[in-house]
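Before any comments, here is the structure.
Every read-out reported here was derived from the displayed coordinates using simple, explicitly stated rules and does not represent laboratory data. Quick caveat, the model's predicted, so the values are computed rather than measured. Backbone-built Cβ (ideal geometry, glycine too); neighbour counts: all protein chains shown.
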Amino acid sequence: LESPSIQTDTVKALQEFLSAPKKVAITMHHNPDADALGSALGLARYLKKKGHQPTVISPSVYPAFLEWLPQENEVIVFEESKTEEIKQIIDSCDLVAYLDFSVPSRMEALEPLFCSVDKPSLLLDHHIAPSMKGTFHFWDQEAAATAQLVYRLIAAMGDLPLLDPHIGEAIYAGIVTDTGSFKYPSTSREVHEIAGHLIDIGVPTSTIHYRIYDNNSENRLRLLGYLLSEKLRVLPELRTAYFTLSAEEQERFSSEKGDTEGFVNYALSIRNIVFAAIFMEKEGKTKISFRSIGDFPVNEFAQAHFNGGGHKNAAGGASYASLEETEKLFLSLLPKYKEQLLTVKR
Ligand code: 5GP
Ligand code: MN
């Protein structure tokens, strides 16, 4: 497997660093998804097998459909009352590991805790525009998932024999989610080869799909039904479709964290639509997810107008304006992009 992001010198330095047992504090971005959490837990289990002491600390809760990942019950989820305990872990560790983000603010509440110590760091990520550099830096914008980088790293360390079905299922969860089940253009030959290897070592890939995708609560499905029937707005002349979701509506459907994950893709699945969004009222902010097909870079759109960023075809942002105001702003911006939207090949 070719590994452009895995530099031999860096691997050597990391091997050297890990030649004695180390305490490692691993974290990932706020609201971790399967790639963030899967990468963290896959790395943690790998490090443990090598004789190290990893601790996974999440900036916030993660969705219930991830509550089968290996050792997820050992993850320390940040809450105010755990500040001292987490501080202690970070202060006494030998290495911090940053997974699936490379902008410190994405750690949210954990940012001050991690950023106030000066420790060697391991960074594995595939998001554009990194603003932090790991001592051991493994970053590749072309990678489909951070989990793919975890696999690459284990391979480069010469440790593929340590891979077991539990490390494998954590990696697979990240890959399957971040490739949209092997659908997005980032789904390279390498991604399929890794999946093939994981099948060989006994990772139950089909079961993982069911756990992640066929794990709806009735409330989530009813909320989706409501959004599709009442809240979908389609602008065929702009090849754009979007939803808005107020706090009241989320409450009405007893929406839980993570429930709206993936809804934006329904807007993008409409024939001829190339730009989709969902606007959600969240904790006094309007949180936005953008998705696109082809050459319409939603990360640039999110960065230019909504303090956000992400990948070319999947990005997000936020606005401090109300839901209505944010929708209005969005609608006022679209005509400027009309020409570009019309030329996108779907
Ligand atoms: P989602 O729409 O699933 O929340 O996020 C999709 C992608 O957009 C994420 O993987 C992340 O890279 C990026 N993203 C989402 N929200 C933000 C944000 O507020 N700021 C930045 N810089 N990126 C975001
Ligand atoms: Mn990712």
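Can you give the angle from 0 to 90° between the axis of helix 146-156 and the longest principal axis of the chain, with both taken from C-alpha atoms, to the nearest 10? Between the helix axis and the principal axis of the chain, the angle is about 20 degrees. A straight chain from Met132 to Leu235 at 0.36 nm per residue would run longer than the Cα-Cα distance by 33.2 nm. Axis of helix 34-49 versus longest Cα principal axis of the chain: the two differ by about 10°, to the nearest ten degrees. Database remark: amide H of Ile26 closer than 5 angstrom to the amide H of Thr55, Val56, Ile57, Ala97 (H placed geometrically; neighbours at sequence offset of 5 or more, or on other chains; Pro and chain starts carry no H). Remark: spin-label model distance Ser322-His192 equals 5.1 nm, labels positioned 7 Å along the Cα→Cβ axis.
Shown here is the pair-distance distribution of the chain: with all Cα-Cα distances grouped in 10 Å bins from zero up to the longest one, the shares run 5, 25, 33, 24, 10, 2, 0 percent. One Cα centroid belongs to the range 53-82, the other to the range 283-346; the line between them spans 30 Å.
Think of the chain as having a plus end and a minus end, set by charges on the Cβ of Lys, Arg, Asp and Glu; of Leu99, Val191, Phe65, Val191 sits farthest toward the positive end of this dipole. For the range 8-213, the Kirkwood estimate of hydrodynamic radius, built from reciprocal distances between every pair of different alpha carbons, is 16.8 Å.
Each peptide among 116-124, 259-267 gets the average number of other Cβ atoms lying within 10 Å of its residues, and from highest to lowest they stand as 259-267, 116-124. Summary of packing: across the peptides 149-158, 34-43, the per-residue average of other C-beta atoms within 10 Å ranks them, highest first, as 34-43, 149-158. Listed by chain and number, the lysines whose C-alpha is less than 17 Å from the C-alpha of Lys183, apart from same-chain residues fewer than 8 away, are Lys312, Lys345. If Lys and Arg each add +1 and Asp and Glu each add -1, what is the summed charge of the other residues whose beta carbon sits under 9 Å from the beta carbon of Ala109? So the surrounding residues net to -4.
Mean residue ellipticity, 222 nm, helices only, the chain: the sum of -39500 (n - 2.57) across DSSP H runs of n ≥ 4, divided by residue count and rounded to 500, is -11000 deg cm²/dmol.
Eigen-decomposition of the gyration tensor built on the alpha-carbon atoms of the range 253-305 gives equivalent ellipsoid semi-axes of 22, 16, 7 angstrom, largest listed first.
Kindly flag which residue pairs out of Lys50/Lys87; Lys50/Lys133; Lys133/Lys336; Lys50/Lys285; Lys48/Lys257 have an alpha-carbon separation exceeding 32 Å in this structure.
Lys133/Lys336; Lys50/Lys285
The rule of thumb for compact globular proteins, 2.2 N^0.38 Å, goes into the C-alpha radius of gyration of the range 219-343 0.98 times. Rounded to two decimals, the Cα-based Rg/Rh of the range 1-106, with Kirkwood Rh, is 0.97. With both labels modelled 7 Å from their Cα along Cα-to-Cβ, the Asp164 to Ala304 distance reads 5.0 nm. Length, then width, then depth: along the principal axes, the Cα atoms of the range 59-140 run 29, 29, 20 Å. Lys and Arg at +1, Asp and Glu at -1: add these up for the other residues within a Cβ distance under 11 Å of Leu238 and post the number. With Lys, Arg at +1 and Asp, Glu at -1, the net is +2.
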